[in-house]
Amino acid sequence: MHASAERLEEVGTPEDVDDAARAGFEVFVDALSEVDRDDLESLEQAAADESSLAEIYGITEDEAADIMAFFEYANGTCSEADSQSTGDAEG
């Protein structure tokens, strides 16, 4: 996980990412760089919401909301790119 955090930090985010998603990316990379085995086990069992993320990562719920915004951005952007690359895009 720590190596993944380093790679994410090197790559960064696209220029068009919104402020909340960018802030979430930064908080996520910081948290990921400090995660340990117990944290990973807790994440597997946790609900994907701000309160659970805040508790596990030791961050505020506002920071956890930013992480969720980053996840939503990444999931939407990656899904779009996958659809376009396979010719499944609508429109």
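Each reported figure results from applying straightforward, stated rules to the coordinates on display, with no laboratory input. Owing to the predicted nature of the structure, the values given are computational and were not obtained by experimental measurement. Glycine gets a Cβ as well: all are built from the backbone with ideal geometry, and neighbour counts include every protein chain shown.
Taking the average, over residues, of other Cβ atoms within 10 Å as the packing measure, peptides 51-57, 38-44 rank 51-57, 38-44 from highest down. Computed 3J(HN,Hα) for the range 9-25, one whole-Hz value per residue from the Karplus formula 6.51 cos²θ - 1.76 cosθ + 1.60 where θ = phi - 60°, is 4, 5, 6, x, 10, x, 5, 8, 5, 6, 4, 5, 5, 5, 4, x, 4, glycine and proline marked x.
For the pair Asp38 and Ser51, the difference between a 0.36 nm per residue extended length and the Cα-Cα distance amounts to 2.9 nm.
Length gain on complete extension for the stretch Asp19 to Ser4, per 0.36 nm per residue less the alpha carbon to alpha carbon distance? Spell out each step's value before the answer.
Working: separation 15, 0.36 × 15 = 5.40 nm, distance 2.22 nm.
So the chain would gain 3.2 nm between Asp19 and Ser4.
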